[in-house]
1. Can you name every residue in segment B:268-284 that is open to solvent by 30 Å² or more (accessible area, probe 1.4 Å) and not in a helix (DSSP H, G or I)?
2. Among the helices (runs of 4 or more DSSP H) lying completely within segment B:13-125, list those that include at least 2 residues that are under 23 Å from B:Q377 (Cβ atoms) and open to solvent by 10 Å² or more (accessible area, probe 1.4 Å).
3. Quick one: in segment B:466-486, which of the residues that are without any contact (Cβ under 8 Å) to a residue 60 or more places away in the chain and touching a Gly at 6+ places or on another chain (Cβ under 6 Å) is nearest to B:M540 (Cα to Cα)?
4. Considering segment B:457-489 alone, what residues qualify as being touching a strand residue (DSSP E or B) at 6+ places or on another chain (Cβ under 6 Å) and among the β-branched types (V, I, T)?
5. Quick check: anything in segment B:140-154 modelled with pLDDT under 95, assigned to a loop (DSSP other than H, G, I, E, B) and not assigned by TED's automatic domain parsing to the domain that holds B:A376?
6. Tally up the residues in segment A:84-130 that are surrounded by fewer than 18 Cβ atoms within 10 Å (Cβ to Cβ), within 30 Å of B:E6 (Cβ to Cβ) and more than 8 Å from every other protein chain (Cβ to nearest Cβ), please.
7. Quick one: A:R50 ticks every box in (1) farther than 27 Å from B:N250 by Cβ; (2) in contact with a Ser or Thr (Cβ under 9 Å, 6 or more places away or on another chain); (3) surrounded by fewer than 20 Cβ atoms within 10 Å (Cβ to Cβ); (4) within 13 Å of chain B (Cβ to nearest Cβ) except a single one, so which number is it?
Amino acid sequence: MVDVQFRFRDDEAVNDSAVTVGAFTEQTNATAVRIEPGDDARDLIPFLERLRLIEVNFPAWTDGRGYSSARVLREAGFTGEIRAVGDVVIDMLSHLKRCGFDAFAPDKPLNPVDAQNAFDRWDNVYQATADGRRPIWALRHTA
Amino acid sequence: MYKYDEYDQQMVDTRVAEFRDQVRRRLAGDLTEEQFRPLRLQNGLYLQLHAYMLRVAVPYGTLNSAQMKVLGDIADKYDRGYGHFTTRQNIQYNWIKLEDTPDILADLAKVEMHAIQTSGNCIRNISSDQFAGAAADELIDPRPYAELLRQWSSFHPEFLTLPRKFKIAVIASDTDRAAMRLHDIGIKMVKNANPENGGGEIGAQFYAGGGMGRTPMIGPMIREFVPLDQLITYSEACLRVYNRYGRRDNKYKARIKILVHELGRDEYVRQVEEEFRHLLTQGIEPPLAELERIKPYFADPAFETSLSDDLDLSDPDFRLWVERNTHAHKQSGYVIATVSLKPVGGIPGDASADQIRLMAQLAKDYSFDELRVTHAQNIVFPHVKKADLYTLWQKLDDAALSTANLDTVGDIIACPGLDYCSLANARSIPVAQKISQRFGSPEKQAEIGELKLKISGCINACGHHHAGHIGILGVDRKGVENYQLLLGGSEGADTSLGKITGPGFDEDGIVDAVEKATQVYLSKKQDGERFLDTYRRIGMDPFKEAIYG
């Protein structure tokens with residue numbers, strides 16, 4: 001298993017090994033699952049209560065389906081760990097975080113300074129997404 | 001026009017810093033070209049045949065003079081003294097050095113400009129009607145809605161690695177001047193026709209799945225009316241369905257038009273509506289107050305009232321230009337004037353640094369500081385006092401900018417083609433130049449009248465050949481450039497796709513074929529018919545006979 005390089009959670013690390021979505025929906029006791037780009041994250045919604053970890057795999061960072069998967073899960077109320085795994089690169093980090101990812105386990109470890117710069121890059125944001133940040137339009141119209 | 005506040009400026013400045021960092025990592029070898037490519041593309045930077053090309057965004061085609069002047073200065077400082085206005089209402093520079101690009105972006109940021117998402121598989125620069133805010137026939141100014149969408153689509157974290165590029169156009173008049181239905185999403189601002197929902201209020205009509213490229217399609221309507229306080233939420237639903245289900249196995253089948261086509265319009269609509277209902281509960285819509293904040297930036301300039309509509313047309317050259325290159329303005333005493341960047345024998349859409357700066361100055365002096373870029377690669381002065389029009393024309397004439405050929409056979413749209421583009425199969429520019437010379441005389445152009453001719457140097461169709469009354473497609477035939485002829489396309493309210501006449505031609509042959517097609521039109525046309533009307537009435541056969549017979 002690849003190491004988690006960045007984690008933005010205070011709870012205990014989850015080390016359960018993730019099963020595929022197909023295997024997960026057939027067995028009842030797994031607490032970690034891995035979503036591939038072609039999987040429908042909504043299939044997991046009935047089971048969110050007992051899941052501690054959802055890994056979202058990026059076989060290639062240019063395939064952006066995983067961003068939608070994470071948001072779908074957060075919008076459905078999932079509060080456990082959503083971990084980006086696979087071809088995770090520096091330039092995705094802030095966007096992944098905005099979509100609800102809170103742990104990152106890149107295949108190739110990232111330069112920590114560049115990664116920190118990427119996480120800290122955007123002081124403000126234009127959209128309301130899964131990270132709960134107040135978008136610029138909300139700041140403009142503060143009552 | 002829109003002015004950045006501290007937030008908008010901060011976003012653009014942050015992007016410059018981010019890109020500077022990406023270039024640093026590339027030059028230091030931390031990023032391979034393969035890794036860097038998608039990143040530079042999202043900043044409008046392409047690697048072409050001979051050099052880097054930088055595409056600068058002109059949101060909804062609107063510019064002020066200070067911005068236009070900087071575009072001229074960049075052409076001098078970083079390029080070879082000219083720029084190329086594009087079919088997406090943007091400008092691109094063809095001879096850029098990678099190490100200069102962060103500085104260029106910084107220069108642009110000083111005048112509230114950028115190159116964000118002008119390429120790559122993301123939501124591109126939002127285009128609009130080049131006559132927005134000036135046209136006599138518009139319902140409202142579409143640009144506040146385009147600006148709202150610009151902010152929403154900029155750095156949208158979920159939609160930066162879509163299956164393929166994504167283009168949105170917003171219009172607000174029945175005369176579609178933005179080829180709205182040939183976009184991934186086309187939005188037409190309309191009045192609610194349904195009295196049960198109150199009726200009469202402004203909202204957005206959505207079309208999806210239009211596009212050109214190798215599989216041209218006209219986008220079907222997917223929702224008759226989206227209320228203004230759900231505009232962003234509905235757009236997000238359209239994009240999310242596409243991001244999740246658009247094809248990623250074949251880049252030529254990855255545009256949303258293929259998804260809409262394969263699912264069928266109704267199934268796509270069903271999925272979008274389901275996602276829309278869900279997203280409405282998520283609080284992602286900016287308040288209407290945000291639209292109200294944006295709108296005043298697009299308020300009418302201080303037009304003088306009770307001005308005369310008289311024009312002295314005794315100068316025949318001026319008269320010809322007025323007839324061809326001006327349009328009715330909503331305010332009496334004013335007119336919309338278009339500068340053709342299609343001089344006889346020239347490169348469509350190119351302008352020199354001096355010409356760009358001159359147009360900037362003229363906009364300041366005669367058009368309330370505003371200019372527009374058109375998707376037909378021309379420049380518009382949207383608000384010219386009729387009393388100033390002759391003076392404006394004389395100054396344009398002195399700078400070789402007074403070509404009177406708007407929407408005629410000389411006003412050719414052409415992609416950069418094999419002279420610049422690494423994707424092209426054939427050259428477009430020399431064909432455009434030859435046709436423009438063949439039909440160079442004003443008499444000939446006047447006789448033929450409106451004829452939209454569009455040339456692409458490969459099937460990606462950047463030159464919009466499917467939508468030309470006459471379209472030309474350059475292909476590679478066993479190592480030789482070959483040009484196919486299409487007839488009957490249109491991009492207006494009556495959007496249609498052109499059909500191929502038959503076997504292709506060499507470079508001179510295609511020019512002859514175009515001329516033969518115009519001869520058929522001239523011999524068959526009935527009163528008031530344009531080339532396109534005659535073609536639609538008599539069909540392909542008479543043209544084929546003349547061309548191949």
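1. Applying the first criterion (open to solvent by 30 Å² or more (accessible area, probe 1.4 Å)) to segment B:268-284 yields B:270-271, B:273-274, B:277-278, B:280-283.
Matches in segment B:268-284: B:L280, B:T281, B:Q282, B:G283.
2. Values: elements: B:33-41, B:65-78, B:101-110.
By residue number, B:65-78.
3. If we take residues in segment B:466-486 being without any contact (Cβ under 8 Å) to a residue 60 or more places away in the chain and touching a Gly at 6+ places or on another chain (Cβ under 6 Å), then B:L486 is nearest to B:M540 (Cα to Cα).
4. The answer is B:I470, B:I472, B:V475.
5. Step one: list which residues in segment B:140-154 are modelled with pLDDT under 95, which gives none.
The answer is no; no qualifying residue exists.
6. Qualifying residue count, segment A:84-130: 4.
7. (4)
Matching residues to (1) part of a loop (DSSP other than H, G, I, E, B); (2) of a type in the set (G, A, S):
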position	(1), (2)
A:R9	yes, no
A:S17	yes, yes
A:A23	no, yes
A:N29	yes, no
A:R34	no, no
A:L48	no, no
A:I54	no, no
A:D63	yes, no
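The values are calculated or read from the model by the stated rules, or taken from the named source; none is laboratory data. Since we're looking at a predicted model, the values are computed, not measured. Don't worry about glycine lacking a Cβ; one is built from the backbone with ideal geometry, like all the others, and counts go over all protein chains shown. Each accessible area value is taken on the protein alone, full model and side chains, heavy atoms only, with ligands, DNA and RNA left out. Shrake-Rupley method; radii C 1.70, N 1.55, O 1.52, S 1.80 Å.
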